[in-house]
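The structure appears below as structure tokens.
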Amino acid sequence: MTDKRVSFSGLLLPAALLAPQLAVTAVFFLWPASQAVYQSLLRQDAFGLSVTFVGLDNFVRLFEDSSYLSSVQVTIVFSAATAILSMSAALLFAVAADRVLRGSTAYKTLLIWPYAVAPVLAGVLWWLMFNPSIGIIAYILRGLGISWNHVLDGDQAMILIIVAASWKQVSYNFVFFLAGLQSIPRSLIEAAAIDGAGPVKRFFTVTLPLLSPTSFFLAVVNLVYAFFDTFGIVHATTNGGPGTATTILVYKVFKDGFIGLNLGSSAAQSVILMLFVIALTIIQFRFIERRVHY
Amino acid sequence: MVERRPYLTVLTHLTLILGAGLIALPVWIAFAASTHEASDFLSGLMPLLPGDKLVENYWKVLAHGESSAGAPPIGLMLFNSTVMALSIAVGKIAISLLSAFAIVYFRFPLKMAAFWIIFLTLMLPVEVRILPTYEVVAGLGLLNTYAGLSIPLIASATATFLFRQVFLTIPDELTEAARIDGAGPMKFFRDILIPLSRTNIAALFVILFIYGWNQYLWPLLVTTDASHYTAVMGIQRMVAVPDSEPLWHLIMATAILAMLPPVVVILLMQRLFVQGLIEQEK
Amino acid sequence: MAEVSLAQVRKIYPGGFEAVKTVDLAIEDGSLCVLVGPSGCGKSTLLRMIAGLETVTEGTVTIGGLPVNDREPAERDIAMVFQSYALYPHMSVYDNMAYGLRNRRTAKPEIERRVREAAGLLDIEAMLARKPRQLSGGQRQRVAMGRAIVREPKVFLFDEPLSNLDAKLRVQMRIELKRLQRKLGTTSIYVTHDQLEAMTLADQLVVMNAGRIEQIGTAMEVYEKPATTFVASFIGSPPMNLIPAASDENGQYFGETGSRILRLRSSAERIVVGVRPEDIHLGEAHPGEATEPDSVAFTVEVSGVEPIGAESLVHGHTGQGHDLTIRVPGYAEFGAGRKLMAHASPKTLHFFDAGNGRRID
Ligand SMILES: Nc1ncnc2c1ncn2[C@@H]1O[C@H](COP(=O)(O)OP(=O)(O)O)[C@@H](O)[C@H]1O
Ligand SMILES: [Mg+2]
């Protein structure tokens, strides 16, 4: 770890300075996380009267449980679709905003504000737009001969949460794509233009490859977002339904633990998610390290 | 741009206008809905243009709430949200400044251990430790309190790393000059480090205020009593009324009010926001 | 006012690197002492030990008769000017200068008086309300000096304070700094890698190399009687020519012409002969002829000429292939490969032990 040449002396002061952060971390992060790991190895009977140590049995059961496997699948579809949709839209807008000379600040402002909208509110907005009886999108679709009812149709419910989740995330991706585009040296683009590459060809052969670090970084961030931050969208609009069509993993942890009170299974699911975040964090940090050298 | 092609410029503006419109559409619809009365939502197509019930609807949700759903007046929920968002932003910044100061400017045993413990918080979002964290908070008697809403969220590896990065760019000679000028560690922290980090602090504040305001799952867990509902989570109680048509006009008025403060913050501090967002990920 | 002394001072950095190797140094009250040496030789380390910014591994640092090893920098009554100036970017010029005094709880009117006085001395009164970023490099430098002056310390410490200025401003500030130091009469220690700056400023010149002090003396002493080959090659520009030679029982031989030179009382078998570029005189090569009695004559083959205005530098090598630089007045025109006769007075020759580099008198 890089260090300062100068440092102050003393032990008590740094200990006191670190105490609040470490205390909060220990009490609200490390202890609960270790409890989750511990509970994932236990099973309670139906009345919560006896607890037995079952080793990895909770995990084994999870992977034999079709509802869990379906939730994994739902999560993969949802997060992949959300990442792709919001990143492509953001890239399109960023490329456009990077091109315009006049009004670019105004456009930026108009594109970034949804970052401030809570996912659950994004869900509620689109829930109204898609409402089968009065929503404008359902109305238009009806005009096109498509009957829309996400309350009954699982695929349509999935589309609803994907659209809501992507809508909110476009602005975040936009900010990073635009920053990435603006850091590409103009001279590179001009050199390509002199070499006779038209705007479209330039985009695919020069701009896009140079944006790949940004894209990779955003892909990881968007996955984390879709996995965890979108809980509110699901909870407020579809409740994981119809059936389990939109039960993403985080929602299932919540449902099984808080509502179903299946503590062992919920804890095991938490632990799996934890491993997933740890893996993503490591990937992200290795990547950032490379970005520093780049 | 490298070359002038009028059709490309037109296309560019068209894309942006369309994009901005698409982004704004749901909020426009929600706003329009929030200015009508319940009878306008019975069937067919919802109203797309604002009606004349703006003052009435907003006054109703602000002052009275929707009693049938057990939701308190949104005025109270907005207040709760403000308290929570400010506590989280200020708390995170404060404890992160202190710990980054300790990590960068002191040498002490177990420094690496402290660093890694803080790093671990990055890997443990609340969503993966829902139940045990709830139990801890319940055990401490913090359910339905502002402390319970905010303190468990104020540990922050990202903020600590951000300030560590900022401190590392501050020249050593400045610290030495301050030492010669007779400034001890805390004086140096207050007189030099904090003022020199103030734009980073402000940028981070914008991000963290929005982060705190938009918390959903955590308030949902630790508030069982309507008096501590926050605006963002409170709306779920209005949406989830079983066996009746949603009261669209009141729900949307609430949604608009709940998103207004952070959106205003972003619009007013756009530059700080963009800086904060990008720095935080470094 | 105070004298500063270092007794058997050593510095070993935590990594194990010995940056200062057992140094003794006494600096008189009110004098301006300049530490000079190539980059990395330990000058800053030495200065920072005096400031209290680095711990002293061994030995004692004394300021005004008091050992200060265990004192905080702020308790040593010193002030320091850094190469980067280290001005607090968020404070006005006034606050930059006042900060140290406020921390010492100096009374407000007294702070005001001292800041105004120092600002007057440095001609920066008009800038007191500005922030450092609104100042030019030279003005920042003045503020950094002002911050030191208002403290009225026992000792000023300067670490390459002029290195970030352009050449013209550097000369101007050098003169001003010397004037100020004379006027205030405060003991000052000044670190630089620039030998010209060192020569012009120093009352006492300390030449360092690789963690050791090579020589202490006035600028003229060091120039005229360099104590080691290192000093000889470091002080003076272009540096002294150093040519190895072997001894016989009687004395030494210099160059291939066989001219005998002075007998030396030295046991060294191999020596190095030093001669400054301005002490070599050129004449066309007429073998056997000498222009001055007893002078040492040799041939030089020219490899190139650098005209630098009032004089020219002739680069070449002796018959044995040792490189030489000769300074000649006016504009010299010699083609490469031209063989010239050169001679130097024995009085201007310096002799060093080739084994340990020390001067032989
Ligand atoms: N904090 C440190 N830790 C280890 N080595 C150092 C440190 N500071 C300086 N050095 C080394 O000590 C030597 C002397 O450094 P310094 O006193 O700064 O040289 P100068 O000022 O003469 O250029 C250099 O080789 C440098 O690399
Ligand atoms: Mg130095």
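The values are calculated or read from the model by the stated rules, or taken from the named source; none is laboratory data. Every value quoted in this text rests on a predicted model; they were computed, and no experiment measured them. Note: ideal-geometry Cβ built from the backbone for every residue, glycine included; neighbour counts use all protein chains shown. Protein only, heavy atoms only, side chains kept; ligands, DNA and RNA dropped before computing areas. Shrake-Rupley method; radii C 1.70, N 1.55, O 1.52, S 1.80 Å.
Radius of gyration over Kirkwood radius for chain B, both on Cα atoms: the Rg/Rh ratio is 1.07. Take every pair of alpha-carbon atoms less than 8 Å apart whose residues are at least six positions apart; their mean separation over the length of chain C yields a relative contact order of 16 percent.
Placing one equal scatterer on every Cα of the range A:18-291 and applying the Debye formula, the log10 ratio I(q)/I(0) at q = 0.13 Å⁻¹ is -1.00. Using only Cα atoms, locate the centre of the range A:45-87 and the centre of the range A:244-276, then give the distance between them in Å, rounded to an integer. So the separation of the two Cα centres works out to 6 Å. For the chain pair C and A, the interface hides roughly 200 square angstrom of accessible area in total, found with a 1.4 Å probe. Stokes-Einstein diffusion for the range C:295-350, with the hydrodynamic radius set to the Kirkwood value over Cα pairs and evaluated at 20 °C in a medium of 1.002 mPa s, equals 184 µm²/s. Near the amide H of C:Ile280, within less than 5 Å, lie the amide hydrogens of C:Arg327, all on another chain or at least 5 residues away, with H placed in the peptide plane.
For the residues C:Thr57, C:Thr192, C:Thr106, a GNM of chain C with alpha-carbon springs under 10 Å puts the largest fluctuation on C:Thr106. In the range A:106-247, a dipole from Cβ-located charges (positive for Lys and Arg, negative for Asp and Glu) runs towards its positive end, and of A:Ala157, A:Thr205, A:Leu223 it is A:Thr205 whose Cα lies farthest in that direction. Converting phi to 3J(HN,Hα) with the Karplus coefficients 6.51, -1.76 and 1.60 and the offset θ = phi - 60°, the range A:269-277 yields 5, 4, 4, 5, 4, 4, 4, 4, 5 Hz in sequence order, with x at every glycine or proline. Using a 1.4 Å probe over protein heavy atoms, the accessible area lost on pairing A with B, summed over both chains, comes to approximately 10000 Å².
P(r) for the range A:1-156, from all Cα pairs and a bin width of 10 Å, is 7, 15, 20, 22, 22, 10, 3, 0 %, short bins first. Taking the Kirkwood radius as Rh and the Cα radius of gyration as Rg, the protein assembly as shown has a ratio of Rg/Rh equal to 1.13. With a sphere of radius 14 Å drawn around the Cβ of A:Leu275, what net charge do the other residues whose Cβ falls strictly inside it have (Lys, Arg +1; Asp, Glu -1)? Summing Lys/Arg as +1 and Asp/Glu as -1 gives 0.
So how tilted is helix B:270-280 from the main axis of chain B? Cα-based, degrees 0 to 90, rounded to 10. Long axis of B:270-280 versus the principal axis of chain B: about 60 degrees. For chain A, modelled as a GNM with alpha-carbon contacts under 10 angstrom, which of A:Ser88, A:Ser133, A:Ser171 fluctuates the most? Between A:Ser88, A:Ser133, A:Ser171, it is A:Ser133 that shows the largest mean-square fluctuation. Between C:Glu311 and C:Gly330, the built amide H atoms are under 5 Å apart, and every one of these is 5 or more places off in sequence or on another chain. Remark: the range A:163-170, residue by residue, has Karplus-estimated 3J(HN,Hα) of 4, 5, 5, 5, 3, 5, 8, 3 Hz, where x stands for each Gly or Pro and the curve is 6.51 cos²θ - 1.76 cosθ + 1.60 at θ = phi - 60°. Solvent-accessible area assigned to carbon and sulfur over the protein assembly as shown amounts to 60 percent, based on a 1.4 Å probe.
Dividing the C-alpha radius of gyration of chain C by 2.2 N^0.38 Å, with N its residue count, gives 1.19. For the cross-link pairs A:Lys4/B:Lys111; C:Lys154/C:Lys225; C:Lys108/C:Lys178, which exceed 20 Å when the distance is taken from alpha carbon to alpha carbon? Going by Cα-Cα distance, C:Lys154/C:Lys225; C:Lys108/C:Lys178 fall outside the 20 Å limit. Treating each Cα of the range C:188-233 as an identical point scatterer and summing with the Debye formula, the log10 of I(q)/I(0) at q = 0.16 Å⁻¹ comes to -0.36. A 1.4 Å probe run over the protein chains yields, for the range C:4-227, 41 Å² of accessible area per residue, whole-number rounding. Around the amide H of C:Glu214, modelled in the peptide plane, lie the amide H atoms of C:Val207, C:Met208, C:Asn209, all under 5 Å away and 5 or more residues distant in sequence or on another chain. Once you reduce the range B:85-143 and the range B:228-282 to the center of their Cα atoms, the two points are 25 Å from each other.
Here the peptides C:150-160, B:54-64, A:192-202 are ranked by packing, the mean other Cβ count within 10 Å, and the order with the highest first is C:150-160, B:54-64, A:192-202. Here the calculated FRET efficiency for C:Ala210 and B:Ala202, from their Cβ-Cβ distance with R0 = 51 Å, stands at 0.60, rounded to the nearest 0.05. By how many degrees, 0 to 90 and rounded to 10, does the Cα axis of helix B:6-33 deviate from the longest principal axis of chain B? With rounding to tens, the tilt is 70 degrees. As a length-normalised measure over Cα pairs under 8 Å and 6 or more apart, the relative contact order of chain A settles at 27 percent. Look at the alpha carbon pairs under 8 Å that are at least 6 residues apart: their mean separation over the length of chain B gives a relative contact order of 29 percent. Please work out whether the range B:38-165 counts as rounded, prolate or oblate from its C-alpha gyration tensor, where a ≥ b ≥ c are the square roots of the eigenvalues and a/c under 1.5 means rounded, while otherwise a/b larger than b/c means prolate and anything else oblate? Taking the square roots of the gyration eigenvalues as a ≥ b ≥ c, the range B:38-165 is prolate. Counting only protein heavy atoms and a 1.4 Å probe, the range A:33-111 has 54 square angstrom of accessible area per residue.
Computed from the Cα positions only, the extents of the range C:110-235 along the three principal axes stand at 51, 29, 23 Å, in decreasing order.
Taken over the alpha carbons of the range C:55-160 as equal point scatterers, the Debye sum produces base-10 log I(q)/I(0) values at 0.11, 0.20 Å⁻¹ of -0.36, -1.01. Across peptide C:82-93, the average count of Cβ atoms from other chains found within 10 Å of a residue's Cβ is 4. Across peptide B:154-161, the average count of Cβ atoms from other chains found within 10 Å of a residue's Cβ is 3.
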